[in-house]
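Worksheet: the structure to be examined is printed underneath.
The values are calculated or read from the model by the stated rules, or taken from the named source; none is laboratory data. Everything numeric here is computed off the predicted structure, so don't read it as measured data. Cβ coordinates were reconstructed from backbone atoms using ideal geometry, including for glycine residues, and neighbour counts include every protein chain displayed.
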Amino acid sequence: MTATERSLVLVKPDGFSRGLTGEVLRRIETKGYALVALAITTPDRERLARHYAEHEGKPFYEPLVEFMSSGPVTAVVIEGHRCIEGFRALAGATDPTAALPGTIRGDLGRDWGLKVQQNIVHGSDSPESSAREIGIWFPDL
Ligand code: IDP
Ligand code: MG
């Protein structure tokens, strides 16, 4: 067996304020991935600028940082073989209108007509992103 993989998941402020943290964690656990670390925090702009550095300069960047710093998020490290790809499949497409039913974003999210899509969760998109993002949210891990 290859080394176990980890991914950084965030329940975004929309998911947190709507009381969907437990539902997201339930889907992760029933899929079979392990929870390694969990923290509730309201991220500051500096942390979000690091987390979303790849999106700096895009039209949705400022609204995204504004949205993500608007309230508590639940940051979670999950673990399991191919969990990065697996959680992205659980999450569904970025656009919650296009996200398929059965996915977190498809079942629980919708378009509110805002400058940034509020889509319940974040999940790392590659092993490199995962390592970088876990360092941002859980520097002691
Ligand atoms: P992802 O979360 O599915 O990986 P990214 O492209 O990394 O999507 O974008 C980060 C976040 O920025 C998205 O989850 C969403 O909240 C927001 N976002 C991305 N693209 C758009 C867009 O075209 N319009 C509005 N918001 C967007
Ligand atoms: Mg992304």
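Could you check, for region 129-141, whether at least one of its residues is touching a Ser or Thr at 6+ places or on another chain (Cβ under 7 Å) and closer than 18 Å to residue 17 by Cβ? There is no residue in region 129-141 that is touching a Ser or Thr at 6+ places or on another chain (Cβ under 7 Å) and closer than 18 Å to residue 17 by Cβ.
Return the residues of region 58-77 that are of a type outside the set (Asp, Glu) and over 11 Å from the mean Cα position of the chain (by Cα); say none if nothing qualifies. Scanning region 58-77 gives 58, 59, 60, 61, 63, 64, 65, 67, 69, 70, 71, 72. Checking each residue in region 28-51 for being closer than 27 Å to residue 102 by Cα, assigned to a helix (DSSP H, G or I) and more than 14 Å from the chain's Cα centre (by Cα) picks out 29, 30, 31.
Going through 53, 131, 75, 89 one at a time, which residue ends up being closer than 19 Å to residue 29 by Cβ and out of contact with any helix residue (DSSP H, G or I) (no Cβ under 8 Å at 6 or more places or on another chain)?
Working: 53 fails: closer than 19 Å to residue 29 by Cβ; 131 fails: closer than 19 Å to residue 29 by Cβ; 75 fails: out of contact with any helix residue (DSSP H, G or I) (no Cβ under 8 Å at 6 or more places or on another chain).
From the options 53, 131, 75, 89, the qualifying one is 89.
Within region 113-123, work out how many residues are within 14 Å of ligand 2 (Cβ to nearest atom) and touching a residue at least 60 places away in the same chain (Cβ under 8 Å).
So in region 113-123, the residues within 14 Å of ligand 2 (Cβ to nearest atom) come out as 116-117, 119-123.
Retained after the next criterion (residues that are touching a residue at least 60 places away in the same chain (Cβ under 8 Å)): 119-123.
Counting residues in region 113-123 that are within 14 Å of ligand 2 (Cβ to nearest atom) and touching a residue at least 60 places away in the same chain (Cβ under 8 Å) gives 5.
I'm trying to understand the selection: among the residues of region 1-44, which are of a type in the set (Asp, Glu), touching a residue at least 24 places away in the same chain (Cβ under 8 Å) and surrounded by fewer than 17 Cβ atoms within 10 Å (Cβ to Cβ)?
23, 44
Inclusion of residue 93 among residues that are without any contact (Cβ under 8 Å) to a residue 60 or more places away in the chain and farther than 25 Å from residue 3 by Cα is warranted. Does residue 25 satisfy being away from ligand 2 (no atom under 15 Å from the Cβ), under 13 Å from the mean Cα position of the chain (by Cα), modelled with pLDDT of 95 or more and of a type outside the set (S, T, N, Q)? Criteria met by residue 25.
Evaluate region 122-141: report whether one residue or more is modelled with pLDDT under 95 and over 15 Å from the mean Cα position of the chain (by Cα). Yes, that holds for at least one residue. Selection of region 108-141 for residues being farther than 21 Å from residue 67 by Cα and among the acidic types (Asp, Glu) yields 128, 140. In region 124-140, the residues that are outside any helix (DSSP H, G or I) form Cβ pairs under 8 Å with partners that are polar (S, T, N, Q), at six or more places apart or across chains, as follows: 124/7; 124/130.
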